[in-house]
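Colleague: Handing you this structure, nothing more for now.
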Amino acid sequence: MTAAANQSGRRPTTSRRLERAGIRDVAAAAGVSITTVSDALNGKGRLPDETRSRVREVAERLGYRPSAAARTLRTGRSGLIGLTVTTYGEEPFTFTEFAYFAEMARAATSAALGRGYALVVLPASSRHDVWSNVALDGTVVIDPADQDPLVSELYRSGVPVVSDGKPGNCQVTAWVDNDHEAAVLDILDHLSAAGARRIGLLTGTSTDTYTRLSTEAYLGWCARVGQEPVYEAYPAHDPAAGAVAADRLLARPDRPDAVYGLFDPNGTDLLAAARRYGLRVPDDLLLVCCSESDVYAGTEPPITTLSLKPRRIGTTVVNLLIDAIEGVDSGTGVALDTPVTGPRLFPPRYRTAGTGPPPGTLMPTELIVRASSQRRSPRTTVSAPRTPGEV
């Protein structure tokens, strides 16, 4: 600010807010009617290609963007898609504190913006009726529980739902998940090959398919190899409960010599519990946990982790959802009951083609092997070199 401006008391005017161009501005600059502008930008009407191109060029030059309210009236869509975690029901749960959910949400947000939609993160439950206050074109639900009431209500209301996780008994438009059974069996075989003879599990008490299928795979493996199951379950939304369960597992009289933890904090919980009991990792206890956190590369020792590739899943679920909203054939078998032919107050009802289960996509996992799940080689004593003539 200059001295003159200070003395006069006037505010500087070097940065003025530019007014946003409207549809009337585009029509005037292109020398056409407002209806022609609308038809040209929306691909409607019988317009010469030259007129359509000129209108679009003028709109781009002026920086014109249709308002969200106008788009909603024209197409019946709000441009908003929801994202929620329903696994823990009424329990308080901040899912961004967990690396998997945070990575998945970031990728989902980027994918939505790339296709012209905004992502709205909503709670599974609230004392405020936030769901009825937000006009959603569709919703992504992470790890729905069996017979999930929210998923059922959304689907009955005609809102397309794509789930991150097999939907159990719920009806959804499509789903994306990992092959959790195969991933758990690979981990158990990996620990067994490293010398483990009694492998334990830290699992959860929720009914989502990730927890259920992973636990069932562990129990099935135990039955196959003839090992008595050694596991502890706790409410995974409560980080403090995880530390208690880890301590409880290592305090058992049939203490395991290897443990797989299903949830993000389990690695550090088990490492801390092992130290309290004087157990060396990996000499006395082998450890693996499912996590996307980089923290485990720097622990002592570094902990082997299973990655579920949440960024790939986040991108996939959003694209499947938007394809369903827009009636695009994405190879998932999703079809429209009713095409969008004019303004609608609610999105059209969607169904899955045929009478079978909704279409699903399985994504690969990756086991990142580190020192915590590999036995150290036994130390050997190396004798000093002998001098010539020494016996």
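Computed from the coordinates by the stated procedures, all read-outs in this text should not be read as laboratory data. Because the structure is predicted, anything quoted here is derived from the model rather than measured. Cβ sites come from the backbone with ideal geometry, for glycine too, and all protein chains shown count toward neighbours.
Colleague: Can you give the FRET efficiency to the nearest 0.05 for A272 and V121, using r as the Cβ-Cβ distance and R₀ = 41 Å?
Modeller: After rounding to 0.05, the efficiency reads 0.85.
Colleague: So how do 106-115, 135-144, 275-284 stack up, highest first, on mean other-Cβ count within 10 Å?
Modeller: Result, highest mean first: 135-144, 106-115, 275-284.
Colleague: Return the long-range amide H neighbours of G200 (sequence gap of 5 or more, or a different chain), with a cut-off of under 5 Å between placed amide H atoms.
Modeller: It is D257, A258, V259, Y260, by chain and number.
Colleague: Further question: For region 255-269, in order, what is each residue's ³J(HN,Hα) by Karplus, 6.51 cos²θ - 1.76 cosθ + 1.60 with θ = phi - 60°, in whole Hz (x at glycine and Pro)?
Modeller: 3, x, 9, 7, 9, 10, x, 6, 10, 3, x, 4, x, 5, 4
Colleague: If packing is taken as the mean number of other Cβ atoms within 10 Å per residue, what is the order of 29-40, 196-207, 156-167, highest first?
Modeller: Top to bottom by mean Cβ count within 10 Å: 156-167, 196-207, 29-40.
Colleague: Can you pull the one-decimal nm distance between simple spin-label points at V134 and A251, each 7 Å off the Cα toward Cβ?
Modeller: My value for the distance between the label points is 4.1 nm.
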